[in-house]
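Scroll down for the structure; my scribbles are underneath it.
Derivation of every value follows stated rules applied to the coordinates shown; laboratory data play no part. All figures in this text were calculated on a predicted structure; none of them were measured in a lab. In this analysis, Cβ positions are derived from the backbone assuming ideal geometry, glycine residues included, and neighbour counts consider all displayed protein chains.
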Amino acid sequence: MLVRIIATVVAPPDCAFRKGDPFISRFFTGLTRPKKIPGDVLAGIIEKTGKNVSLFKTGDAVYGSSGDKMGTNAEYIAMSEEEALAIKPASITYEEAAAISEGSLTALPFLRDSGNIRKGQKILINGASGGVGVYAIQFAKYYGAYVTAAI
């Protein structure tokens, strides 16, 4: 699918990527200058779909993440329907949808996959008032954990 990007986020990792910081990261992204386009979250409109695409159609407003392939700090990006994309609710703007993707798609894998969060678990969320922390609280409660939040 070809997605026209309406809104994206420039997060601290994107800034570090542009600076080539830490230096060792340059060996993976381009020694003298980045070979990848930064950015991993987006909100936009599907411009074209392939014949095997069934979950989305041309004109759908979507939001989500391109993951490790990055490239969302551009006008367009090619994505498959298996990537982390969802239909954007009409009640939120493209900018809000991109911001939601940044915080929520950072919190969820850490709690669910790395942290193996489970019902009844006690969890401390440090930085709970930040862009990731507010989603970490919601996901932890969804999974049935007891949350202690620290600002």
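If exposed means no more than 16 neighbouring beta carbons inside 10 Å and the site is in a DSSP loop, what's the longest run of the chain without any exposed trypsin sites (Lys or Arg not before Pro)? Display every interim value, and only then the final one.
Numbers: sites that count: LYS35, LYS36, LYS51, LYS57, ARG118, LYS119.
Between the exposed loop sites, the longest stretch runs 58-117.
Taking R0 as 30 Å, what's the FRET efficiency between SER54 and GLN138 from their Cβ-Cβ distance, rounded to 0.05? Could you put the intermediate results ahead of the total?
Details: r = 30 Å, r/R0 = 1.00.
After rounding to 0.05, the efficiency reads 0.50.
What's the longest piece of the chain with no exposed GluC sites (Glu not before Pro), counting a site as exposed if DSSP puts it in a loop and it has at most 13 other beta carbons within 10 Å? Intermediate values should be presented prior to the final figure.
Details: sites that count: GLU75, GLU82.
Here the longest segment lacking exposed loop sites spans 1-74.
Which ³J(HN,Hα) values in Hz, rounded to whole numbers, follow from the phi angles of segment 127-144 under the Karplus curve 6.51 cos²θ - 1.76 cosθ + 1.60, where θ = phi - 60° and Gly and Pro get x?
Here the 3J(HN,Hα) series is x, 5, 8, x, x, 8, x, 5, 7, 4, 4, 5, 5, 4, 5, 4, 7, x Hz.
Among DSSP bridges having both ends in the chain, what percentage is antiparallel? Round to the nearest 5.
On the way: 18 of 23 bridges.
The answer is about 80 percent antiparallel.
For the pair ILE45 and TYR76, how long in nm is the line joining their label points, each one 7 Å along Cα→Cβ?
Going from the ILE45 label point to the TYR76 one covers 1.4 nm.
Efficiency by 1/(1 + (r/R0)^6): what FRET value for GLN121 and ALA86, r their Cβ-Cβ distance, R0 = 25 Å, to the nearest 0.05? Each step should come with its number before you reach the end.
Working: r = 27 Å, r/R0 = 1.08.
Working from the Cβ atoms, E equals 0.40.
Mind putting a number on the dipole of the chain about its Cα centre? Charges go on the C-beta only, +1 for Lys and Arg and -1 for Asp and Glu, and I need it in Debye to the nearest 20. Walk me through the numbers before you get to the answer.
Details: 17 positive and 14 negative charges, 65 e Å.
So the dipole magnitude of the chain works out to roughly 320 debye.
Please count, across segment 2-98, the pairs of lysine residues with Cα atoms under 18 Å apart that sit 8 or more places apart or on different chains.
7
Using each residue's phi in segment 72-89, evaluate 6.51 cos²θ - 1.76 cosθ + 1.60 at θ = phi - 60° and report the 3J(HN,Hα) Karplus result to the nearest Hz, with x for Gly and Pro.
Karplus-based 3J(HN,Hα) across segment 72-89 equals 8, 8, 9, 6, 9, 8, 8, 9, 9, 6, 7, 6, 6, 10, 9, 5, 6, x Hz.
Apply the Karplus curve 6.51 cos²θ - 1.76 cosθ + 1.60, θ = phi - 60°, to the phi angles in segment 10-15 and return the couplings in whole Hz, x for Gly and Pro.
Once θ is set to phi - 60°, the couplings for segment 10-15 become 10, 9, x, x, 5, 5 Hz.
Based on the Cβ-Cβ distance of ILE151 and PHE110, what FRET efficiency does E = 1/(1 + (r/R0)^6) give at R0 = 22 Å, to the nearest 0.05?
Numbers: r = 19 Å, r/R0 = 0.85.
Between ILE151 and PHE110 the formula returns 0.75.
Rg/Rh for segment 40-151 to two decimals, with Rh computed the Kirkwood way over all alpha-carbon pairs.
Details: Rg = 15.9 Å, Rh = 15.3 Å.
That ratio equals 1.04.
Kindly identify segment 2-98 as rounded, prolate or oblate by the Cα gyration tensor criterion: order the square roots of the eigenvalues as a ≥ b ≥ c, call it rounded if a/c is under 1.5, otherwise compare a/b with b/c, prolate if a/b is larger, else oblate. All intermediate terms of the calculation are to be shown ahead of the outcome.
Details: a/c = 2.94, a/b = 1.83, b/c = 1.60.
Note, shape of segment 2-98 comes out prolate.
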